[in-house]
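See below for the structure under consideration.
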Amino acid sequence: MSQVLVVKHPMVQDRLTALRRVATDSGAFREHMAAVAAMLFYEAARDLPVVQETIETPLQLTQAPVLKSGLVLVSVLRAGLGFLDGILPSMPKARVGYLGLARNPKTLEAESYYANLPKIVPEDQVFVLDPMLATGHTVIHALKQVEAAGARNIQLVTLLASPEGVANVQKAFPHIRIVTASIDSALNEKGYIVPGLGDAGDRLYGTLGH
Ligand code: URA
């Protein structure tokens, strides 16, 4: 079974609590989302390969580690954009892909409306970013697209997961690690994670009620 890393760090959990609060407005929501994404990504990236380079400090030449090239971030629209905002500043060399997937509210199945992935080779380290792992349908669709594009080293970085979503992803992709801040209690009948934080895309972009 794939490994699930629940990041219990108090700074992560404090941001998550702010995101859960219904009173948090879109501006603050975006800020908290970006901050927690950076922290979750930091954990996900802990074992990224480095190479030693000879560099010159003001004092002397020395050997120092730099991240190996071959990093790819794939943002699942829309809510993945809120994650990407927090991660991209610390990963300036990453190539970025976008997958537009919408949940059909009746079937809860994912439907693709946009795909723009960079060239991916098997050696690349690929991080799929989607804050909400609910039924798992959207994420599984995204992971299939990323694997079909050639990715072999993939991690899923998410903020909140449901037990069902985790189980479904683990079944479909036993080799993919899931990094999350919480596995919540359940999914409700509309496919929302509970207690959750509501619709992440709507809360990020102020489209609640549309
Ligand atoms: N997507 C969201 O934005 N929120 C949920 O609770 C489930 C899916």
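Listing for the model above:
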| read-out | value |
| --- | --- |
| Residue among Ala161, Ala115, Ala94 that is away from the ligand (no atom under 15 Å from the Cβ) and under 21 Å from Tyr42 (Cβ atoms) | Ala94 |
| Within segment 57-158, strands (runs of 3 or more DSSP E) holding 2 or more residues that are closer than 18 Å to Val179 by Cα and of a type outside the set (Val, Ile, Thr) | 71-77, 125-129, 153-157 |
| Scope segment 66-93; condition hydroxyl-bearing (Ser, Thr, Tyr) and under 14 Å from the mean Cα position of the chain (by Cα); matching residues | Ser75 |
| Criterion: of a type in the set (A, V, I, L, M, F, W, C), over 27 Å from Pro49 (Cβ atoms) and more than 14 Å from the ligand (Cβ to nearest atom) - qualifying residue of Ala200, Ala167 | Ala167 |
| Subset of segment 167-194 [buried (at least 21 other Cβ atoms within 10 Å of the Cβ) and assigned to a helix (DSSP H, G or I)] | Val169 |
| Positions within segment 18-58 being in contact with a strand residue (DSSP E or B) (Cβ under 9 Å, 6 or more places away or on another chain), open to solvent by 30 Å² or more (accessible area, probe 1.4 Å) and either closer than 16 Å to Leu208 by Cβ or of a type in the set (S, T, N, Q) (or both), in sequence order | Arg20, Gln52, Thr54, Thr57 |
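The rows are residues; the columns are (1) of a type outside the set (D, E, K, R); (2) open to solvent by less than 50 Å² (accessible area, probe 1.4 Å).
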residue: Ala110; (1), (2): yes, yes
residue: Lys144; (1), (2): no, no
residue: Val157; (1), (2): yes, yes
residue: Arg203; (1), (2): no, yes
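The values are calculated or read from the model by the stated rules, or taken from the named source; none is laboratory data. From a predicted model like this one, the values you see are computed outputs, not experimental measurements. Cβ atoms come from the backbone with ideal geometry, glycine included; neighbour counts cover every protein chain shown. Accessible surface areas use protein heavy atoms only, side chains included; no ligands, DNA or RNA. Shrake-Rupley method; radii C 1.70, N 1.55, O 1.52, S 1.80 Å.
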